[in-house]
Amino acid sequence: MQQKIVLIGGPGTGKTSVLNELIKRNYFCMPEVSREVTLKAKEKGIDQLFLTEPLLFSKLLLEGREQQFITADNSKNKLVFFDRGIPDVHAYLDFFKTEYPATFIEKSKKYKYNKIFHFSPWEEIHTTDNERYETFEESIIIDKFLIDAYLKVGYSIINVPFGTIEERTNFIINSLSCDL
């Protein structure tokens, strides 16, 4: 049976670095969709789509994450890792106090992942760039909304300890080995 594994946490917590390590180890991984959506918007002259049109941005994210889930389902891979999952979309909308249609929660309940690994805010590794503009303090607050969103739709969350990229990746793989 296929295992769908999601890496969650606020911005700049090391999720993508661990996902890249998983890719190096030949695991099937789904990258973060928001950077792609942000870059496409910039090509159209919109600097921060999430800040200017949060509902449109989130709708595009939801579609992208739903497509990733379907792609994973259609693959023959026993393990599929996701850099963020569908509940992240409404967690961010909650953070920004933006109303959204019930379909956001419905899709979070429809497309179920097997395990959720959480990366806590970590000031020593937090950075900003053109697509990640949140401060460390905002990352801490967003993190709380993310945890809440996943718990509300019925997930248990496994906390990934601080450490090197290799140590964090090994923790995840070792946590899953008993399920394979």
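None of the figures in this text is laboratory data; all of them are computed from the coordinates on show. All of these numbers come straight from a predicted model, not from anything done at the bench. Cβ: placed from backbone, ideal geometry, glycine included. Neighbour counts: every protein chain shown.
Springs join every pair of Cα atoms under 10 Å in this Gaussian network model of the chain, and among THR13, THR38, THR98 the largest mean-square fluctuation is at THR98.
The long axis of helix 165-177 is offset from the longest Cα principal axis of the chain by roughly 60 degrees. For the chain, the relative contact order works out to 35 percent when only alpha carbon pairs closer than 8 Å and six or more residues apart are counted. Taking Cβ atoms as reference points and 12 Å as the exclusive limit, the residues near VAL153 contribute a net charge of +2, counting Lys and Arg as +1 and Asp and Glu as -1.
Compute the helix-to-body angle for 54-74: its Cα long axis versus the longest principal axis of the chain, expressed 0 to 90° and rounded to tens. Approximately 30 degrees, to the nearest 10.
Taking every DSSP helix (H) stretch of at least 4 residues in the chain, weighting each as -39,500 (n - 2.57) and dividing the sum by the residue count yields a mean residue ellipticity at 222 nm of -15500 deg cm²/dmol. Karplus-derived 3J(HN,Hα) values for region 144-152, using 6.51 cos²θ - 1.76 cosθ + 1.60 with θ = phi - 60°, are 5, 5, 5, 4, 4, 4, 5, 5, 5 Hz; glycine and proline are entered as x.
Take 88-95, 156-163, 29-36 and order them by the average number of nearby Cβ atoms within 10 Å per residue, most first; the result is 88-95, 29-36, 156-163.
In this structure, the amide hydrogen of MET30, modeled 1.01 Å from its nitrogen in the peptide plane, lies closer than 5 angstrom to those of PHE81, PHE82, ASP83, counting only residues at least 5 positions away or on a different chain. Annotation: amide H of GLN3 within the under-5 Å range of LEU79, VAL80, sequence separation 5 or more or interchain, hydrogens built in the peptide plane.
Principal-axis analysis of the Cα atoms of the chain puts helix 15-24 at an angle of about 50° to the longest axis.
Pairs over the 27 Å Cα-Cα cut-off, from the set LYS4/LYS44; LYS59/LYS109; LYS78/LYS109; LYS76/LYS110: LYS4/LYS44.
Computed from Cα atoms alone, the Kirkwood hydrodynamic radius reported for the chain is 16.6 Å. Of the beta bridges in the chain, as assigned by DSSP with both residues counted there, near 0 percent are antiparallel.
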